[in-house]
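Reading through the structure tokens given below for one structure.
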Amino acid sequence: QVLLVESGGGSVQAGGSLRLSCAASGWTINSSCMAWFRQGPGKERWEREGIAAIYAGGGSTYYADSVKGRFTISQDNAKNTVYLQMNSLEPEDTAMYYCAADGGCDMTAIQVLGAEEADFQYWGQGTQVTVSS
């Protein structure tokens, strides 16, 4: 059974930082694509925004324009964990943040077209991030 468990969310003021973690079990991250999505208040699942992705086997990454330069995705294969370092947080970053995994994703396509919810098979339960102004 694949289990992705997010942690690290919380409430911060604008300009602050948080680091989210996604611990995987029943799944080896170093041969798969891992991604972070977020779902803003009032948004539906299909409206989740893919904000960062990484091919943990080779290090290729993708960032949405909305977070580029502020967020960094990384992995620790020994801990089977993916991280999202979030700096210079803005109130617009307030959302539920989800970790996702897929073994058959196309990172080249993701880098061109962005990360879509349908590209990823496995999902965590999410961690809430709230940024106040």
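With the charge dipole of the chain set up from +1 on Lys and Arg Cβ and -1 on Asp and Glu Cβ about the Cα centre, the Cα lying farthest toward the positive end among the listed residues GLY16, VAL129, ALA118 is that of GLY16.
Remark: the LEU113-VAL5 segment gains 36.2 nm on full extension, using 0.36 nm per residue and subtracting the alpha carbon distance. Highest mobility in the GNM of the chain, judged by mean-square fluctuation with C-alpha springs under 10 Å and restricted to GLY58, GLY103, GLY42, is found for GLY42.
Throughout, read-outs are computed from the coordinates displayed, never taken from laboratory work. The structure displayed is predicted, hence computed values, not measured ones. For neighbour counting, all protein chains shown are included, and Cβ atoms are generated from backbone atoms with ideal geometry for every residue, glycine included.
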